[in-house]
Amino acid sequence: MFRLFTTGRGQFALALLVIVAALLVWMQRHVTHAEAPLFTDENQGGQVYYTASQTAVFWNRECVDLTWQLSGITEVYLNDVATVGEQTETWCLPPTETYRGFYRDPAVAELRVRFMDGEIRRYMLPVYAMQPLVERIVVPLALVAMLLAGSLYVPSRFVDPLTRQRQLPEDLRNFRVRRGSVAMVYVLLAAGIFALLVYRSMAAPPYQQAYTFADATLTTTVDPPLVFRSNGCTVLSWQTENVSVLTLDGETISLTGEREWCLPLRSSNSIVQFEIEAENGETQRRTVYVAAAQPMLYYTVLPLLVLVAYFAGWVPLAWLDAPRFANNRVLAPFYRDGRLNRLLFALFMTVNVIVISNVFRHNAALAYDAEDHFMYSIVLSQGRWPVESESNQFFAPPLVYAFPALVHTAVTAVGLEPCTAHEGEQRACQIVAKAAQLQNIIAAVGITYLLVRICGLIRMDDDLLKIHALAVLAMLPVFYKTMVFHRGEPFVALFTLVITHHILIMLQKDRRSLLLADGLMLGIGFGLLVISRQWGVIAAAGISVWALLAIIYRGRAGVPLLRTGLVGYGIAAITGGWFYLLTQMRLGSATAFNRAPEEAANFFARKPLDFYIGMGSGT
């Protein structure tokens, strides 16, 4: 019994069981017994009271008690079934075939009420199920804990044969070293993925969506939603109820119809934008996505074929170890003892090739606040700052908008019609939007390269640290996603690493070797950081605290570092501080924001603990 407490496996098993118990207790106390939302409403003398016994259940088909009390109404429906105005009803979550039950996909008990004046209002009460969380997290953790604990008490005569290391058969060892055989494995793998993508694009089932607001309904069907080629076509059909006007990408269309829709050339995805006007005059937009399988070939099949060429001996790589490459200062982080670290270099190239491919293929309009960032560049090209009515980013620093603005000025100077609106039909609009994306390639290459160099400064002979750090970055979808947006955040990351890298170099120098150039480098870096995005000021503050601690640790030997840092701050005040001074003069505050002060205070206010660690209320 004591082995459970004294061995590493036993202690790990106990830790997992404690985590499982904590999760179950948390679900029981803070989720399934959490207070449900209460809807109260009044309209023209009518009153609504609607709530549930609980807001979450453990299992997908469990039930909750819904209670409502209504007065001054003519009709009431629970999930489109007519009911009475005062009742407590047991309502069970839908079957798992139609409801995944995870926290991002709650079951919704909808109460639809028609008041005396004819107005219809809907009250949506989400109910969450913990079953997927139990199945995907709690049960696997419990199984691993029981296996670890059980392995401690299995007789050694049963365990030893399972853990003893064996030699591979001779023919299998020969297979592993035969380059042609390994290449054939990759050929078969590439062919299998290719066949799967072709099959998925040809056999993808129709995708149907229904969108309802203000008693108006739009139902769209895309058949198929996935096409093979980047300029492939699909069939788009739609039906409406209680809709007065329907437009498709700005074109007024019939309320029920069907048409062929083709993706733009060299595009991996596209959007179809409906604008719906309900009979009461309210309008809403609905977006439908169509994707292509072809880009997946570039990210899966082609790399496998490159490996085929390598193992088959068609691509000799010995020339990469030539001294002229190994001794190059730029390429030095990828070499050790005169030999290229092929895995590290391949990982670096893969990350950046994906970024470059995305930049050229991604629709620039698919981005957060895309129109506001785009119009900032257009207005800046006119030699003035945008006002709030022209761009919601009127308060932002100009660094990432300067290059697209110069491009717009250049293309209009050679005769192209100026761009006047986001997603305008003018050729200049397309060029400016793509230029804004292209500058992110500099940020992506710089971030990955500096990450490798910083790891080399931290542990000079540890190539595995470089690979791990780059691999962790490569696994983050947000990295690739952000690199196709026209925003300042990529350059905040870039200049943060530029400054960090240079400070690490300075810390390795003696005090007599610190030069004015070091202060100049820091000053320019800090200046560009704070005019990339306001959040750069926070990064600069963090770096400064870290550097100050390093200076204090060195005592008198840190005085030259402090002096160089102060010179850098002086230069930063010139290269970046001018914008905040101008913002103070232009907008009345150096911290101007696109929210009113009271709204911003509430937005950034400290939230209750559940806001940070809760289930997110489905959002």
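The values are calculated or read from the model by the stated rules, or taken from the named source; none is laboratory data. Just so you know, these numbers come straight off a predicted model, no measurement behind them. Cβ placement follows ideal geometry from the backbone for every residue including glycine, while neighbour counts extend to all protein chains displayed. Side chains included, ligands, DNA and RNA excluded: accessible areas come from the protein's heavy atoms. Shrake-Rupley method; radii C 1.70, N 1.55, O 1.52, S 1.80 Å.
Things to note:
- Among the residues of this structure, Ile524 counts as one that is open to solvent by 60 Å² or more (accessible area, probe 1.4 Å), modelled with pLDDT of 90 or more and either hydrophobic (A, V, I, L, M, F, W, C) or under 17 Å from Ile505 (Cα atoms) (or both).
- Annotation note: of Thr51, Thr74, the sole residue that is of a type in the set (Ser, Thr, Tyr), crowded, with 18+ Cβ neighbours inside 10 Å and touching a residue at least 24 places away in the same chain (Cβ under 8 Å) is Thr51.
- Selection from segment 235-246 of residues that are within 13 Å of Thr220 (Cα to Cα) and of a type in the set (S, T, N, Q): Ser237, Gln239, Thr240
- Within segment 125-138, tally of residues that are part of a helix (DSSP H, G or I) and at pLDDT 85 or above: 1
- Count of segment 52-66 residues, restricted to those that are under 34 Å from the mean Cα position of the chain (by Cα) and more than 14 Å from Glu35 (Cβ to Cβ), is 6.
- Residues in segment 503-520 that are open to solvent by 30 Å² or more (accessible area, probe 1.4 Å) and either within 27 Å of Ala444 (Cβ to Cβ) or modelled with pLDDT of 80 or more (or both): 7 in all.
- Segment 77-95 - residue that is open to solvent by less than 60 Å² (accessible area, probe 1.4 Å) and part of a loop (DSSP other than H, G, I, E, B) and, of those, modelled with the lowest pLDDT: Pro95
- Take the conditions (1) surrounded by 19 or more Cβ atoms within 10 Å (Cβ to Cβ); (2) farther than 30 Å from Glu241 by Cα; (3) among the polar types (S, T, N, Q); Thr300 misses just one of them, which is (1).
- For the criterion of being among the basic types (Lys, Arg), open to solvent by 40 Å² or more (accessible area, probe 1.4 Å) and either within 12 Å of Thr234 (Cβ to Cβ) or outside any strand (DSSP E or B) (or both), Arg286 fails.
- Whichever residue in segment 139-160 is within 18 Å of Ala13 (Cβ to Cβ), open to solvent by 40 Å² or more (accessible area, probe 1.4 Å) and not hydrophobic (A, V, I, L, M, F, W, C) and, among such residues, is modelled with the highest pLDDT: Pro140
- Scanning segment 2-28 for residues that are farther than 29 Å from Ile613 by Cα, in a helix (DSSP H, G or I) and open to solvent by 50 Å² or more (accessible area, probe 1.4 Å) turns up Arg3, Phe5, Thr6, Gly8, Arg9.
- For segment 304-341, the set of residues classified as in contact with a Ser or Thr (Cβ under 9 Å, 6 or more places away or on another chain) and either modelled with pLDDT of 80 or more or open to solvent by 80 Å² or more (accessible area, probe 1.4 Å) (or both) is empty.
- Residue check for Val452: at pLDDT 95 or above and farther than 28 Å from Trp578 by Cα: yes
- Listed by position, the helices (runs of 4 or more DSSP H) contained in segment 370-484 that have at least 3 residues being in contact with a Pro (Cβ under 9 Å, 6 or more places away or on another chain) and crowded, with 17+ Cβ neighbours inside 10 Å are 370-380, 399-413, 427-458.
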